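Report on the structure given below.
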Amino acid sequence: MELRHLRYFVAVAEERNFTRAAERLHIAQPPLSRQIQQLEEELGVTLIEKGPRPLRLTEAGDFLLAHARPLLDQVRDLKAMTQRVGKLERTVSVGFVASTLYGQLPDIIRRYREGNPEVEVTLHEMTTIEQIKALKEGTIDVGFGRLKSEDSSIRRILLREERMAVALFPGHRLADATGGLRLLDLVNEPLLVYPKAPRPSFADQVLAVFAEANLAPDHVTEVRELQIAMGLVAAGQGIAIVPESVQGMHNRNLIYRPLDDKHAFSPILFSVRYMDRAPELENMLAAVYAVYDELGVAHVKEQL
Ligand code: BEZ
């Protein structure tokens, strides 16, 4: 069974029509029909029911379709990733979640640039889920994200677990509390979470922290991104739970309080394509740890 057979079969199965499938594949219909027939002969099963229009798949056809689609997606990603790895000379394209901009990201990128002046670095703000997709499509080479989502074509290193903090407006009843806040103090507050999409996202991490403590916030509003959440907090619309590095976002209408619950941490992950051995990536990782050491930031280096 060749990849060509799978591509042809998926086109016929999706179009439910040989003529349209042939058009989509830019081939004539007779060779398409012959290839499908060859595939059925090789497998010794019928994939497409004879007779009915539009075409219907047999049970074996449905099974093959369900498995062939992800396989073809993987082949497409593999092609894009290999092309990108081949081209990764003197350029590195970095995807990052917005909150890291207020933490160590600027120091890391500057340090990397100083040590590697010949490398062109580009930065792209995107969620962790978008980073995984972009790594597979070859549009970025490194992702700094926050979700521990698994994908066999991505290598992930946990850099550190960052404490969460609560963002409030200065007149808020909890603004002057001494010591850290607890989730229990926050359940009745209007809570702004971000980003709304794609999911899962940091929003789910925040809700999971409440769930771990057997709590559910009363009023949750999902907003598009970090900056919107912070603007709404400043306007007195609610509170937000953020990674503590967001405290670097100064605004006279925002204050931050530590969040003391034991699960209130958000990971920071370094993601690259599995088996991508470009020196630019190792140098980027080295820049991360050099900045941590310089600034005395507690960290780990755990392959996930
Ligand atoms: C950090 O804050 O730990 C961090 C931010 C961006 C990239 C890597 C690490």
Legend entry - Globularity index of segment 171-273, i.e. its alpha-carbon radius of gyration over 2.2 N^0.38 Å: 1.05
Inset, instruction - Grab the beta carbon distance between GLU282 and ARG252, set R0 = 41 Å, and tell me the FRET efficiency rounded to 0.05. - result: 0.45
Legend entry - Highest-fluctuation residue, HIS263, HIS67, HIS172 considered, GNM on the chain with Cα pairs under 10 Å: HIS67
Legend entry - Fraction of alpha-carbon pairs over 36 Å apart in the chain - percent: 38 percent
Legend entry - Extension gain, ALA177 back to GLU114 (0.36 nm per residue minus Cα-Cα distance, nm): 18.4 nm
Inset, instruction - Assuming R0 = 51 Å, can you tell me the calculated FRET efficiency for the pair LEU215 and GLN29, based on Cβ-Cβ distance, to the nearest 0.05? - result: 0.25
Legend entry - Accessible surface, per residue, of segment 121-247 when the full set of protein chains is kept, probe 1.4 Å, Å²: 42 Å²
Inset, instruction - Quick one: P(r) of segment 51-194 from all Cα-Cα pairs, 5 Å bins, percents rounded to integers, in order of increasing distance. - result: 2, 7, 12, 13, 13, 11, 10, 9, 8, 7, 5, 3, 1, 1, 0, 0
Inset, instruction - Output the pairs from LYS196/LYS262; LYS136/LYS262; LYS262/LYS301; LYS87/LYS148; LYS87/LYS196 with a Cα-Cα distance over 23 Å in this structure; if there are none, say none. - result: LYS196/LYS262; LYS136/LYS262; LYS87/LYS148; LYS87/LYS196
Legend entry - Accessible carbon and sulfur surface of segment 171-304 relative to its total accessible area, %, 1.4 Å: 51 percent
Inset, instruction - Name the residue, out of PHE96, PHE202, PHE18, whose mean-square fluctuation peaks in a Gaussian network model built on the chain with Cα pairs under 10 Å. - result: PHE18
Inset, instruction - Kindly express, to the nearest 10 degrees and within the range 0 to 90, the angle between helix 105-115's C-alpha long axis and the longest C-alpha principal axis of the chain. - result: 70 degrees
Inset, instruction - Evaluate the distance, in nm, between pseudo-label points positioned 7 Å from the Cα of PHE265 and of THR91 along their respective Cα→Cβ axes. - result: 3.8 nm
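The values are calculated or read from the model by the stated rules, or taken from the named source; none is laboratory data. Predicted model only: the values in this text are computed from it and were never measured. When we count neighbours, we look across all protein chains shown, and the Cβ atoms used for this are built from the backbone with ideal geometry, even at glycine. All accessible areas refer to the heavy atoms of the entire protein, side chains included, with ligands and DNA or RNA removed. Shrake-Rupley method; radii C 1.70, N 1.55, O 1.52, S 1.80 Å.
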